[in-house]
1. Can you tell me how many residues within segment 82-112 are modelled with pLDDT under 70, closer than 17 Å to Tyr35 by Cα and not hydrophobic (A, V, I, L, M, F, W, C)?
2. Out of the residues in segment 33-67 meeting the condition of being farther than 12 Å from Val8 by Cα and among the aromatic types (Phe, Trp, Tyr), tell me which one is nearest to the chain's Cα centre (by Cα).
3. Could you please find all residues in segment 56-82 being free of Cβ contacts under 8 Å to residues at least 40 places away in the same chain and either charged (D, E, K, R) or more than 18 Å from Ala148 (Cα to Cα) (or both)?
4. Looking only at segment 33-55, which residues are in contact (Cβ under 8 Å) with a residue 40 or more places away in the chain, more than 23 Å from Ser153 (Cα to Cα) and part of a helix (DSSP H, G or I)?
5. For the condition surrounded by fewer than 14 Cβ atoms within 10 Å (Cβ to Cβ) and either closer than 20 Å to Ala141 by Cβ or of a type in the set (A, V, I, L, M, F, W, C) (or both), what is the one hit in Ala13, Ala32, Ala18?
6. Could you check how many residues of segment 129-160 are assigned to a helix (DSSP H, G or I) and over 16 Å from Arg31 (Cα atoms)?
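The values are calculated or read from the model by the stated rules, or taken from the named source; none is laboratory data. Predicted, not measured: the structure shown is a model, and the values here were computed from it. Cβ sites come from the backbone with ideal geometry, for glycine too, and all protein chains shown count toward neighbours.
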Amino acid sequence: MTDDEVLVRSTLAGDRRAFACLYDRYAQLVRAICYDMTSDIDRSEDLCQDVFLQAYRNLRQLRDSARFASWLTGIARLTCRNWRRRHGCLDKAADVDLQAIPQANPTQEVGDDELAVLHGWLRQLPEKERLAIQVRYLLEAPPDKAGAILRLSRAGFYRVLDRAMKRLRRLAKMHEAR
């Protein structure tokens, strides 16, 4: 039985601390998904809270407690899509203007400008590739768990992550060429 399974079962048995552990484990990932889809830090915090509230209220509907992370990311994506639809937001990735992204300087510490560059590049990736990077590097999930969250085999996860990294390298080269 995985840690997530134990925590889900404990939560269903009435242990709120168990759900707090799930929150601590996945909040950074959910906030990243929400920020990715809204580009608004305050909105992403609010939506993250909404996601966890929905998850808590609907936890009994989770069929396989070992798939909690995958289920939760699905709730996050759906919640953000619904928010964007209600607020008339267009596809954010299509709106990225590479010319407006500041030039990163790899010899300096990472600052707001460099984060803006990286975020702009990430927003250019297809959603599954962005999620692969977020799960692997924000959640620091091992490949097996990262693949399970995205509902991919280990090899499938590596293929998606490899495509994402290749796209990021191409974007970086295009950016350097300017």
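1. Total meeting the criteria: 4.
2. It comes out as Tyr35.
3. Residues satisfying the conditions are Arg57, Asn58, Gln61, Arg63, Asp64, Leu78, Asn82.
4. Within segment 33-55, Cys34, Asp36, Met37, Thr38, Arg43 qualify.
5. Ala13
6. Count: 14.
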